[in-house]
Every structure is written in structure tokens, then in C-alpha cells.
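Asks: To start, I am sharing the structure in question, which I have written as C-alpha cells.
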Amino acid sequence: MTLKPTKPFRIGYVEMDNRVVLAPMAGISNSAFRLTVKEFGAGLVYAEMISDKGIVQQNEKTLSMLYIDERENPLSLQIFGGEKETLVAAAKYVDQNTTADIIDINMGCPVNKIIKCEAGARWLLDPNKIYEMVSAVVDNVTKPVTVKMRIGWDEKNILAVENAQAIERAGGAAVAVHGRTREQMYEGYANWDIIRDVKQAVSIPVIGNGDVESPQDAKRMLDETGVDGVMIGRAALGDPWMIYRTVEYLESGDLKPEPSVREKIDVCLLHFERLAQLKGEKVAVREMRKHASWYLKGIRGNGTARTIINQIEDANELKVYLNQFAEERMASREEVVSV
Ligand SMILES: Cc1cc2nc3c(=O)[nH]c(=O)nc-3n(C[C@H](O)[C@H](O)[C@H](O)COP(=O)(O)O)c2cc1C
């Protein structure tokens, strides 16, 4: 029996309320960040990449990364690895021991440390390996299996279509495509034409990714490439409103206003509270430094604020400072300056 879709898009049996997807970002997309973004309406959130070996060896820190708050679902949990045995074992563990809805395999990470382990973007040169690895995972789990990949290794080796077809043949339930090559790292532009080629070449859902910086970009990506979902990464850093504004724009064509300084700081504080619960105050204060600088982007005085925040070690001090910063800006009736 084929199920009639009732929601905008579906991966296997998992239905999404909308087409807006939060990208996996290592060191960022933990439960505290994901939940905060989820509350702004993301249709699907991806967790940061997690090492297959770390899971298999039951490394304490790795296992703590598997934590999922029940309010986050639907959620895709991404694993990476270069060997079939450990990848399958890790996928089975995620399948049986977590509330993730989808298991995603990382095939896009460009950094040398990961490539050296034959993982991440390494596979992009070999559709046969992709087929073998994805089939092995699919055969051993019950949750839908997806892949997030880059378009190719370098300009001369763009096998996006062949690779996506291999994923589909192997039983992959969807593919997310970042329109850059491994060689590009995060430079240059994402090539949306190749994302469109992939969409036309497979019948599983395709999620487009790369350089979506505004709600209008998201609509343009959906219109120009025909993808089923649009994935947003860097534009959501310190700006979960980007997700909400995109969802609203895609649904109604309305462009909602940017948040006020107070709203930004309030969400920053909520994010911090969740991070402190997840990792303890000491770690959270440090990790929050980068987030705070993203939340404060475009607000007058953010440079000085960043310097002060980078020296704060105490949770209470950080909260007091952020509140004081917001009060000062609001007292002078300053809204967020667009950058
Ligand atoms: C800090 C950072 C960490 C990332 N970590 C991951 C990761 O763990 N797994 C992954 O598949 N992609 C990762 N990516 C890539 C993003 O998911 C996304 O593909 C890329 O940023 C392009 O999308 P954007 O232009 O919307 O940012 C990361 C990107 C950044 C900036």
C-alpha cells in the first residue's frame, strides 16, 4: 500500500510539518541548540556528526552526544565513519537506543582528520563504496537511513548524480546535498544547478543546502531546484528567527520583522540555560561565547560586549551582563541593526 502524503514532505515513514531543515553543525547542533531552533518551527533538525567508533567503544562523551529531548523530534542523528563494521554497529546502536527518527550518514565532512579515516567526503569519489556502506546500514536498522553529502570531491570529480543514485539503490530514504565540493571547503558559492540535477535524477526526497541566507533564498532554492526540503546552517547561528521567518515566508509570503535586542538576548539566555543543563555551567559559559557573539551580531556595541563575554567564567555573571547589555540598548530604543 502506498501512503498518500499528508504533510509537505516525508522521509520513509517520518513526516515533516514544513520544508525547513536545520543543518548538522559539529560543536553547535547539540540538544540545547536544536531545541531552541525547533521552537522556532524547524520541520526537521539534524544533530551534529557523531563518531561511529566513539559509539561502538561506548566513549562516555560520545554517548552523551546522543541525548535527545522529546520536544525535538522529528530529528535526524548523523554518524560518520570509514569502516563498514563500525558504521553498521553504531547505526544499530542508534537504532535501538535513541529516539532519533532518522539515521543520517555523513558524506560531506571535508576536514583532513575525518578524510584520513576514510570517512566524510572521502566517499564522494566512489559510488560503489557508497552503495556498499549505505546498503549495509539500511539492512541492519529499522529507522530510515539518509545521507548528507557534498556535490563532489573537486571541480573535476563531481559525481553528485551517480552518488545520489547509489544511495537510492542502496535503500537510502533521502539525500541532503550541500552544493560545494570537498575542495571548496566553505569557500566560493554553493552550486544549486547540481542540486537540481540530483533532484531530477532520483525519486527519494532531496534536501538542498548551501548559502541559504534569507527566507527569500530558501524560496528561490525550492523554486529553482525543485528540492523537497531546504537546509539552513550558518544563517541560523544566533538567529533562530531565520528559521521562523523562513517557515512563515514559505507558507504565507509574509516577511516577519527581525527580533528586537531584548528578544535576542532572551533567547540567548534560554539557549545558555539549556546548554548549562546539558554540559554544566563551566563548559556552557565557554561554549556560549561563540553563540553570544552570533546573537549580538548587528547590535551596536557588540564588539566590546564580545570582549567582555570572552573573559567571563561564571554563569551568573554572564546572565547579569547579557541582561544589562539588553537593558542599555533598549533604554536607548535601539533595535537590531541589519548586517
Ligand atoms: C561549524 C560547522 C559545523 C558543521 N558540522 C557539520 C556536521 O557535523 N555534519 C555535516 O554534515 N555538516 C556539517 N557542516 C556543514 C553544514 O551542515 C552545511 O552543509 C554547510 O554549513 C552549508 O550550509 P549553510 O550555507 O546553510 O551554512 C558544518 C558547518 C559548519 C559551519
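We did not get these values from a lab; they are worked out from the coordinates using the rules stated. These figures come from a predicted structure and were not determined experimentally. Every residue, glycine among them, receives a Cβ derived from its backbone with ideal geometry; neighbour counts consider all protein chains shown.
Asks: Based on the mean of other Cβ atoms within 10 Å per residue, sort peptides 20-32, 105-117, 56-68 so the most packed one is first.
Replies: Highest mean packing first, the order is 20-32, 105-117, 56-68.
Asks: To continue, here is another question. With r defined as the distance between the Cβ atoms of Gln277 and Lys156 and R0 fixed at 41 Å, what FRET efficiency is calculated, to the nearest 0.05?
Replies: On the way: r = 48 Å, r/R0 = 1.16.
Once rounded, the FRET efficiency stands at 0.30.
Asks: Report, in whole Å, the centroid distance computed from the Cα atoms of the stretch 152-195 and the stretch 314-331.
Replies: 43
Asks: So, one more: Computed FRET efficiency, Cβ-Cβ of Arg262 and Glu39, R0 22 Å: what is it to the nearest 0.05?
Replies: Computed FRET efficiency for Arg262 and Glu39 comes out at 0.80.
Asks: Among residues other than Val267 whose Cβ falls under 12 Å from its Cβ, what is the net charge (Lys/Arg +1, Asp/Glu -1)?
Replies: Neighbourhood net charge equals -2.
Asks: Which residue, Leu75, Leu255, Leu159, tops the fluctuation ranking in a GNM of the chain built on C-alpha contacts under 10 Å?
Replies: Leu255
Asks: While we're looking at this one, here's another question. For the stretch 44-176, take the alpha-carbon Rg, divide it by the Kirkwood Rh, and send me Rg/Rh. The partial results should precede the final answer.
Replies: Numbers: Rg = 13.8 Å, Rh = 14.5 Å.
Rg divided by Rh gives 0.95.
Asks: Taking Lys297 as the anchor, which lysines have their alpha carbon closer than 27 Å to its alpha carbon, excluding any fewer than eight residues away along the same chain?
Replies: Counting by Cα, and skipping residues close in sequence, Lys297 has these lysines nearby: Lys38, Lys219, Lys256, Lys264, Lys279, Lys282, Lys319.
Asks: Net charge around Arg306, counting only other residues with Cβ within less than 11 Å of its Cβ (Lys, Arg = +1; Asp, Glu = -1)?
Replies: On the way: positive: Arg289, Lys290, Lys297; negative: none.
Net of charged neighbours comes to +3.
Asks: Next up: Averaging sequence separations of C-alpha pairs under 8 Å and six or more residues apart, then dividing by the length of the stretch 9-252, give the relative contact order as a whole percent.
Replies: 18
Asks: Further question: If packing is taken as the average count of other Cβ atoms within 10 Å, what order do 76-83, 262-269 fall into, highest mean first?
Replies: Working: 76-83: 24.0, 262-269: 19.2.
Per-residue mean Cβ counts within 10 Å order the peptides as 76-83, 262-269.
Asks: Taking θ as phi - 60°, what are the ³J(HN,Hα) couplings along the stretch 248-255 by the Karplus curve (6.51, -1.76, 1.60), each to the nearest whole Hz, with x for Gly and Pro?
Replies: In residue order, the calculated couplings are 5, 5, 5, 7, 10, x, 7, 9 Hz.
Asks: Hull surface divided by four, with the convex hull built on the Cα atoms of the stretch 261-331: how many nm²?
Replies: Seen from a random direction, the Cα hull of the stretch 261-331 projects 3.9 nm² on average.
Asks: Could you tell me how many cubic angstrom of Cα convex hull volume the chain has per residue?
Replies: So the per-residue hull volume is 132 Å³.
Asks: Please state the shape class of the stretch 1-96: rounded when a/c is under 1.5, otherwise prolate if a/b exceeds b/c and oblate if not, all from the C-alpha gyration tensor. Walk me through the intermediate numbers first.
Replies: Values: a/c = 2.49, a/b = 1.41, b/c = 1.76.
Since a/c reaches 1.5 but b/c is at least a/b, the shape of the stretch 1-96 is classed as oblate.
Asks: Quote the relative contact order of the stretch 261-331 in percent (integer), defining contacts as alpha-carbon pairs under 8 Å separated by 6+ residues.
Replies: Answer for the stretch 261-331 is 41 percent.
Asks: Tell me the mean residue ellipticity at 222 nm calculated for the chain from its helices only (DSSP H runs of n ≥ 4, each -39500 (n - 2.57), averaged over every residue, nearest 500).
Replies: Only helices count here, giving -13500 deg cm²/dmol.
Asks: What does the charge count near Arg71 come to, summing +1 for each Lys or Arg and -1 for each Asp or Glu among other residues with Cβ under 15 Å from its Cβ? Before the final figure, lay out each step's value.
Replies: Working: positive: Arg34, Lys38, Arg274; negative: Asp17, Glu39, Asp69, Glu70, Glu72, Asp101, Glu273.
Net charge around Arg71: -4.
Asks: Calculate, for Gln200 and Met330, the FRET efficiency according to 1/(1 + (r/R0)^6) with r their C-beta to C-beta distance and R0 45 Å; round to the nearest 0.05.
Replies: Values: r = 50 Å, r/R0 = 1.10.
It comes out at approximately 0.35.
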